[in-house]
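This report concerns only the one structure given below.
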Amino acid sequence: MRNPRLYPLLATIAIFIIAYAICYLQFPYILSTRVAGNLLTDNAYLGIVAVGMTIVILSGGIDLSVGSVIAFSGVFIAVMLRDSGLHPLAVFALLLVITTAFGAAMGWLIYRLAMPAFIVTLAGMFLVRGVAYMMSIDSIPIDHPFFTSLQRVYWLMPGKGRLTLIGVVMLLAFVVGHIIAHRTRFGANVFALGGGEQTARLMGSRVGRTTVMIYAFSGLMAGLGGIVFALYTGSGYPLATVGTELTAIATVVIGGTLLTGGAGYVFGTLFGVLTMGLIQTYIVFDGTLSSWWTRIAIGVLLLAFIVLQKGLLRLTTARSAA
Amino acid sequence: MLLALQSLTKTFVGMKALDEVDFELASGEVHALLGENGAGKSTLIKCLTGVYRRDAGSILLDGRDISPDSTSRAQALGIGTVYQEVNLLPNLTVAQNLTFGHEPRRFGIISPRAQRRRAAQMLEGYGLDIDLDRDLGSYSVAVQQLVAIARAVELSGRVLILDEPTASLDDREVQMLFAVVRRLRDRGLGIIFVSHFLDQVYALCDRITVLRNGCRIVTERSDSLDRVRLIEHMLGRELAAQEESEKRHRRSAPLAGEPLLSFAGVGRRGFVEPFDLEVQRGEVIGMSGLLGSGRTETAELMFGIRRMHSGTVSDAEGDLRLNNPRDAIAAGFGFAPEDRKTDGIIADLSIRDNIVLAMQARRGWLRRVPRAEQKRLAADYIERLDIRTSGPEKAVGELSGGNQQKVVLARWLAMNPRFLVLDEPTRGIDVGAHAEILQLVRELTARGMAVLVISSELDELIAVSDRVIVLRDRRQVARLSGSDITLENVVHAIAASDEHREVSA
Ligand SMILES: Nc1ncnc2c1ncn2[C@@H]1O[C@H](COP(=O)(O)OP(=O)(O)OP(=O)(O)O)[C@@H](O)[C@H]1O
Ligand SMILES: [Mg+2]
């Protein structure tokens, strides 16, 4: 018998493969590097944000500010490149410092005031969206020669599929996220926190430091996601990515992570993102379906996963008691 | 002196949990810290290891002033601790739990292989054969306890603190733990041992310190402090009166007549062999046997926690359906489980709320238990079980471990079921309260309730039971009643080898 802690991850991967197989039967073209490349490119910003969200949820928290941070990032980049004359790389670095510090500040508040993460990050969500508005009300196009050249970087895969820079950045984010969550002491502390704060503290975990680092990491990932989103759309718009935080949470849960924290895999989230992207691709291919079907499918999947996890929980506790 | 606490004081809102306590631990000694439930033992340990901030006093390790402000700090100083209420993290694997905070790394990256190797080393000598890559939560409480001990032992370079480590261990495991502790003592560590099992204290400890109501009463060598005086120190009163009430109880025969309940051929494959049992109104049935002999499993079957594969249960009215605990409660059964640490406490609710919880659930949420009645019940049980609290509205999470257990017990007693199963009712509860709980059991049965008591403490079981059933290997091997109930007979039945087993199942 395999280790039961792997079941949700295996279920996620199985669902992705089955979904792909169904799509393939109807539209054989879906199994091509072109579609695969687009899947990565189109969902890159979501995937990156979801890496941060996975860590947050593993610790038993939630971060509702990430959608706003992405929008803020786009506007920030657009405004800075238009007005300041800084090199894009410098702007990126500055942005990441800001979003990381913002995340750290939220983490500190959550720990210090013993407030629910839900409330603190909800406040953060409104705050950041407001700041983005203050910087600009309209969509600002970005055109900087270096920036546009970044947008055009890609590797040609066999079969003419394009593996874009931002797609690669997403995959790297998952690799790094995986190592951080599963192979570092910080990651162990994240899981400990998700298992129970009091117990974690008695075991010698430094809960305050860990909390700050978790939300700082989520802020960093949201900033990176913002850069990728700016590269993807070529503009900054304060009304962009409304509700992306919820989509990210959904991909994490479909990826097999327990919403209450303490159990899950970062790579599960990758499959959650890909499954969601696949459903969207299917709807585009079909052409007759309204795009709202994506949401319905996601809703159904979410429900299925929550039920699955409850079932697994019962199964494992029943076995261990016997 | 290895470790010295000087006039340690700790106050919780409105109450002094520790009042200028002095405590010394030499290297190479096992020092017992004893006292009633709520005396302040766990609080002392938590002040020492940085979980609580002390109000006054100093802590010296090797003569140097230390002031650990977090458990990680204490661990770094070489103080390893097994806390009373906590095992480890059920969602981490066994290996992760053991090495938490000390994972072997290369360039900051944990190497799972080295981690597993390290964990396996730590578990050597505990006789555990478990998969290190499984979630700790999938193992029994006893295994988790041993893992917690192994972890604390590894972390304790100088001082090892064990707060009621043996509550869920069987005899063999206790002996294993003692061997480990003695080895550490011989290596020059200082060990603080908290327990309510006085036999274990005398078997293991060199010195004893008694706390009462947050004050240190006495510190003495264990070979010069006899048991009666020890208990008197703990209770703060003479023992004589109590021993008398202990003897007074033994009733004549159980009330005769129609059985209250009969279990016929009840069993579950691979779990409990089918058994018959007739329960009389007003009798106390004791159930004995080694850990793993099927005692708790039998109780779970009776209460519908596990479905029975065979057999019927009936009362005077006819057959009962017991497919789940809800059926059982509806049929007038009650069950106070063994693992009260995890089952049954709602830490944020008050004592009063916790006591009326099950009762309210049975009545349905529309028919509230009247407030006055709730208050009366709470006051009644606080008094009768001697729950140490500043009042009935105190959150249960703020009580000492033993007092939390009394609250769970009170909940089931308040239900006033006709058949009540008590699984290890006195575990984690101090000697003074033992007698009170047994007394209460007797009062209840005098009013017609039938009680099944599962206990590893044979003296107690023998004192309270009208009949004793002995289990071995998941089947009933002996039934004793009347004057046959003696320590010798029970021990004999528990230990008897398979050839001459008297099967009565
Ligand atoms: N967090 C807390 N808040 C308020 N009061 C507390 C808290 N922790 C403990 N107390 C109180 O301090 C007193 C001492 O409790 P402590 O846990 O030290 O007892 P103990 O000696 O360990 O008892 P036991 O044998 O039951 O474990 C108790 O009266 C308890 O109600
Ligand atoms: Mg205690």
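FYI, it's all coordinate maths here, none of it is from the lab. These figures come from a predicted structure and were not determined experimentally. Methodologically, a virtual Cβ is constructed for each residue, glycine included, from the backbone with ideal geometry; neighbour enumeration extends over all protein chains shown.
In chain B, helices alone account for a calculated mean residue ellipticity at 222 nm of -10500 deg cm²/dmol, with every DSSP H run of four or more residues adding -39,500 (n - 2.57). Scaled against 2.2 N^0.38 Å for its residue count N, the alpha carbon radius of gyration of the stretch B:255-410 is 1.18. Normalise the Debye intensity by I(0) for the stretch B:68-179, one equal point scatterer per Cα, no solvent, then take log10 at q = 0.14, 0.16, 0.20 Å⁻¹ and round to two decimals. Here the Debye-derived log intensity ratios amount to -0.55, -0.72, -1.13.
The calculated FRET efficiency for the pair B:Val491 and B:Val141, based on their C-beta separation and a Förster distance of 25 Å, comes to about 0.50.
Here's the picture: charge each Lys and Arg Cβ at +1 and each Asp and Glu Cβ at -1 in chain A, and of A:Ser291, A:Ser139, A:Cys23 the one pushed furthest to the positive end of that dipole is A:Cys23.
For the pair B:Asp380 and B:Asp459, a Förster radius of 41 Å applied to the C-beta separation gives a FRET efficiency near 0.90, rounded to the nearest 0.05. For the protein assembly as shown, the C-alpha radius of gyration divided by 2.2 N^0.38 Å, with N the number of residues, is 1.10. The calculated FRET efficiency for A:Leu122 paired with A:Ile296, based on their beta-carbon distance and R0 = 25 Å, is about 0.45.
Structural descriptor for the stretch B:350-416: relative contact order 50 percent, calculated from alpha carbon pairs under 8 angstrom and at least 6 residues apart. Using all pairs of distinct alpha-carbon atoms, the Kirkwood hydrodynamic radius of chain B works out to 24.3 angstrom.
Bridges between two residues of the stretch B:368-505, per DSSP, are antiparallel at a rate of about 55%. Across every direction, the projection of the convex hull enclosing the Cα atoms of the stretch A:177-322 has a mean area of 11.5 nm². Using Cβ point charges alone (K and R +1, D and E -1), the dipole size of the stretch B:350-416 about the Cα centre works out to roughly 300 debye. Model label points for B:Asp131 and A:Thr260, set 7 angstrom from Cα along the Cα-to-Cβ axis, are 2.3 nm apart.
Take the Cα of A:Met115, step 7 Å toward its Cβ, do the same at B:Ala4, and the gap between the two points is 4.7 nm. For the stretch B:3-225, the ratio of Cα radius of gyration to the globular rule of thumb 2.2 N^0.38 Å stands at 1.02. Within the stretch A:69-93, name every residue whose backbone N is under 17 Å away from a label modeled 7 Å from Cα of A:Ile137 along the Cβ vector. Backbone N within reach: none found.
Using C-alpha pairs under 8 Å with a sequence gap of at least 6, the mean separation divided by the residue count of chain B gives a relative contact order of 15 percent.
Averaging the sequence gap over all C-alpha pairs within less than 8 Å and six or more residues apart, then dividing by the number of residues, gives the stretch A:4-317 a relative contact order of 36 percent.
Would you mind checking the pairs B:Lys16/B:Lys375; B:Lys16/B:Lys41; B:Lys46/B:Lys375; B:Lys41/B:Lys375; B:Lys41/B:Lys406; B:Lys10/B:Lys46 and listing those with alpha carbons more than 21 angstrom apart? As for pairs spanning more than 21 Å Cα to Cα, those are B:Lys16/B:Lys375; B:Lys46/B:Lys375; B:Lys41/B:Lys375. Ranking B:Ile382, B:Val369, B:Gln405 by how far each Cα lies toward the positive end of the dipole of the stretch B:350-416 (charges on Cβ) leaves B:Val369 at the top.
Straight-distance candidates among the aspartates and glutamates for linking to A:Lys310, with alpha-carbon spacing under 17 Å and chain neighbours fewer than 8 residues away dropped: B:Asp135. You can think of it this way: the chain between B:Ala76 and B:Gln360 has 97.5 nm of extra reach, that is 0.36 nm per residue less the Cα-Cα gap. Label-to-label distance for B:His102 and A:Val175 is 3.4 nm, based on points extended 7 Å past Cα in the beta-carbon direction. Placing +1 on each Lys and Arg Cβ and -1 on each Asp and Glu Cβ, with no other charges, gives the stretch A:4-317 a dipole about its Cα centre of roughly 720 debye. The translational diffusion coefficient of the stretch A:1-108, from Stokes-Einstein at 25 °C and 0.890 mPa s with a Kirkwood hydrodynamic radius over alpha carbon pairs, comes to 141 µm²/s. Taken over the Cα atoms of chain A, the convex hull encloses 146 Å³ per residue.
Taken residue by residue and averaged, Cβ atoms of other chains lying within 10 Å of the Cβ of B:89-96 number 6.
When peptides B:368-375, A:267-274 are ranked by their average number of other Cβ atoms within 10 Å per residue, the highest-first order is A:267-274, B:368-375.
Annotation: the stretch B:350-416 has a Kirkwood hydrodynamic radius of 11.7 angstrom, from the mean reciprocal C-alpha pair distance. For the peptide A:202-213, the mean number of other protein chain Cβ atoms found within 10 angstrom of a residue's Cβ is 5. If the chain linking B:Glu373 and B:Asp276 were pulled fully straight, counting 0.36 nm for each residue of separation and taking away their Cα-Cα distance, it would gain 31.0 nm.
Only Lys, Arg, Asp and Glu carry charge here, each on its Cβ (+1 for the first two, -1 for the last two); on that basis the stretch B:96-200 has a dipole of about 700 debye about its Cα centre. Debye-formula intensities of the stretch B:334-447, expressed as log10 I(q)/I(0) at q = 0.11, 0.17 Å⁻¹, are -0.31, -0.78 (one equal scatterer per alpha-carbon, no solvent).
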